[in-house]
Every structure is written in structure tokens, then in C-alpha cells.
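Before I ask anything, let me first share the structure, which is written out below as C-alpha cells.
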Amino acid sequence: MRKTLAALADLTRAHFFFVWPLLFCSGLALAFENYGGFSWELVGRAALIGLLGFEAGFVLNDYVDWEYDRRDVNGSLTRYWRPFGERPIPAGKLSPRAANALFLALAGLAAALAATLPSPHNLYVLGIMGYSYLAEYFYQTKKRNQAVPVAQMVGRTDFALFPVAGYLVYGNPDVTALLFFLFFYPWTLAHLGANDIADIVNDRARGMATVPVLYGMKGAAVWVFGFSAVHAGMALVFGLTLGPVTIAGFGAGLVLLGAANYLILQGKSADAAMRALPLMHGSLLVYAAAIIAGTVL
């Protein structure tokens, strides 16, 4: 039982569990502000949809790629993302069939909760959920054989749409939803580039066409910086629509993101990216907290 629980914790990246409902509910908080009203019951329901739905995506990620993950030769990034430091399927701690069953259970529960939302909000959320799992599958399979980073550009739309889905739990497709996507999408691409730099040794061993494999470490560092710069510009545009509290929070997040970029540009190495990742994840938490705080204060 203990080994199974550890395997499940690694599969779901359990120590990051609090991030996903917070990010999802930052979108919901904006919807409450824009459309009026508030409900703790809806907050709780949305938090569960975000948590279960995102964790299902993690499980899908491992299930689709488990045979390639057996080729890993460096465990640094695995130990960062997983509390017990293992990929449980290739390690033999959990069967592919069990992982697939867990994905279906988590996604099914998230979908069942989303279906209870009033129409058309349930359709918005379910539509994004279905698209996101397809985009994740596309990303995992397309990056095995590509000459340009199509997998990355398409695949990260799933993460970028995640807080937008939180907004659509209560809100409607509007300018705020679009700006949230345009603000967050460049961050997801910068983060993916940093993650790939950190995992370059394993991606070469797996034969994956990730950003540093395609463009080298210098090119990948430029990728991270370029999308961070676009993100910073969109942070200003989006922040100006949200008020001074959120703008201040965005500024703090951008400081963390800038420090992460400095580390990557200076080092252009897997070790540098490993040091940068906590700063990037810190910026994500700051952004979500700033958006929520801006709707309350």
C-alpha cells in the first residue's frame, strides 16, 4: 500500500496539488468581479474541477510517454517534479493499465462536476477539457518526430486555456477571457522551454524533438527570453484592465521571471534551467494570488 501511494503521488506530482485549483480559481475570481455575485459552493466545485482535471492531464502525460520514459538517464527533473523521485510506470511501480484507469477516473470526475454547471458554462468547460486532453496527446506524440516545434506551440494551448476555463465556470467568452489567454500563453511556452533545457539529456536519449534539441541550448535560451518578453508586454496590457493591486503583483511575478531568464541566459545549461524553474513556478503563484487579491481588495 505504501509503495502504491508513493507511486500515485509521483504520477500526479502531488506536492504541487495546491497550484492548480488556485490558478483555476483565479479565473473564476475575475468572472465574479466582472459579472457580479459570489458563491463559496461554486468556488469549491471549481477548485475540484481544476484539481481533478489537471491531475488527469499529468497521468495522461505519463501514460502516453511511458515507453520513452524508460530511456531516461538523468533523474534531476524527475526528482523536482515528483515527491518520491520516480516515474512510476517505467519503474514498474504502477502498470500502464492502472494509470489509464486513473486518468479515466480523474477526468470522469472532473467532467461530471463540470456537467453540473449551468448551461452554457458547462459546455464551455467541458469543451476546453476535451480539447486539452487531445492537445496533450498531440504534444506527447508529435514531439517524437518534427522539424519545427509544432507540438510545443499547439500543446501548450491546453495549459494556457486552463485558467480561462476557470473564468468560464461563471463568466462568458469576452475580452477578459481573451486577454487572460494572451497573457498566459507566452508564459507557458517560456516555461516549457526552460523545462526542456533542464531535461535535455533525457530528451536526447528519448529521441524527442524538443526546443533545445531542435535549436541548441543557446536557441532554447533565446526562446525562453523571447516568450518571456512577449508575456511581460501582455502582463502590462492585461494588468491595466485589472487594477493597481494586480499590476503590483504582476510586477513581482515579472521580477521572478526575469531572474529565471538571467540564470538561463548566463548558464545555457540544464543546471541553470533547474535553478530557474522554481523561480518560474513562483511567478505563476504570484500571478494567481495577485489576480485573486485584485478582485477582493
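The values are calculated or read from the model by the stated rules, or taken from the named source; none is laboratory data. Computed from a predicted structure; not experimentally measured. Glycine gets a Cβ as well: all are built from the backbone with ideal geometry, and neighbour counts include every protein chain shown. Areas reflect the complete protein model, heavy atoms only, side chains present, ligands, DNA and RNA absent. Shrake-Rupley method; radii C 1.70, N 1.55, O 1.52, S 1.80 Å.
At each listed q (0.28 Å⁻¹), what is the log10 of I(q)/I(0) that the Debye formula gives for the range 85-138 modelled as equal alpha-carbon point scatterers?
Log-scaled intensity ratios, in q order: -1.05.
Also, I was wondering about something else. Can you work out ³J(HN,Hα) from phi for every residue in the range 82-88, in order, using Karplus 6.51 cos²θ - 1.76 cosθ + 1.60 and θ = phi - 60°, giving whole Hz and x for Gly and Pro?
10, x, 10, x, 9, 8, x
Here is a follow-up. For V43, V59, what's the largest-to-smallest order of accessible area, 1.4 Å probe?
Order by accessible area, largest first: V43, V59.
Using a 1.4 Å probe on the protein heavy atoms, what percent of the accessible area of the chain belongs to carbon and sulfur?
Solvent-exposed carbon and sulfur of the chain make up 68 percent of the total.
Hey, another quick one. Taking the Cα centre of the range 63-104 as the origin, how large is its charge dipole in debye, to the nearest 20, when only Lys and Arg (+1) and Asp and Glu (-1) carry charge on their Cβ atoms?
100
May I pose another question? Heavy atoms only, 1.4 Å probe, whole protein assembly: order T4, T176 by accessible area, highest first.
Largest accessible area first, the residues go T4, T176.
Quick one: P(r) of the range 196-297 from all Cα-Cα pairs, 5 Å bins, percents rounded to integers, in order of increasing distance.
Going out from 0 Å in 5 Å bins, the range 196-297 shows 2, 14, 20, 19, 15, 12, 9, 5, 2, 1 percent.
How would you rank 221-231, 123-133, highest first, on the average number of other Cβ atoms within 10 Å across their residues?
221-231, 123-133
Rounded to two decimals, what is the ratio between the C-alpha radius of gyration of the range 1-93 and 2.2 N^0.38 Å? Write out the running numbers ahead of the final one.
Numbers: Rg = 16.5 Å, N = 93, 2.2 N^0.38 = 12.3 Å.
Dividing the Cα radius of gyration by 2.2 N^0.38 Å gives 1.34.
Please list, by residue number, everything in the range 230-263 whose backbone N is under 14 Å from a paramagnetic label point 7 Å out along Cα→Cβ of V175.
Under 14 Å, as judged by backbone N against the label point of V175, lie 237-243 of the range 230-263.
Rolling a 1.4 Å sphere over the protein heavy atoms, what is the accessible area per residue of the range 12-67, to the nearest Å²?
Values: 2130 Å² over 56 residues.
Averaged over the residues of the range 12-67, the accessible area is 38 Å².
Something else: Quick one: 3J(HN,Hα) in Hz for the range 188-205, Karplus 6.51/-1.76/1.60 with θ = phi - 60°, rounded, Gly and Pro as x.
5, 6, 5, 5, 4, x, 5, 4, 5, 4, 5, 10, 4, 4, 5, 5, 5, 5
Follow-up. Heavy-atom accessible area per residue, the range 113-169, 1.4 Å probe: how many Å²?
Details: 2220 Å² over 57 residues.
With all protein chains present, the range 113-169 gives 39 Å² per residue.
Turning to a different aspect of this structure: For the range 213-274, what is the accessible area per residue in Å², given a 1.4 Å probe and the full set of protein chains?
Heavy-atom SASA per residue in the range 213-274 reads 46 Å².
Then there is this: So how strong a dipole does the range 48-151 carry about its Cα centre when Lys and Arg Cβ are +1 and Asp and Glu Cβ are -1, to the nearest 20 debye?
Result for the range 48-151 is approximately 220 debye, rounded to the nearest 20.
Hey, another quick one. Count the lysine pairs in the chain that are 8 or more places apart or on different chains: how many have C-alpha atoms under 30 angstrom apart? Intermediate results must be reported in sequence, preceding the final value.
On the way: K3/K93; K93/K142; K93/K143; K142/K218; K142/K268; K143/K218; K143/K268; K218/K268.
Number of lysine pairs found: 8.
Summarise the long-distance tail of P(r) for the chain by giving the % of C-alpha pairs beyond 25 Å.
Numbers: 20791 of 43956 pairs.
That fraction is 47 percent.
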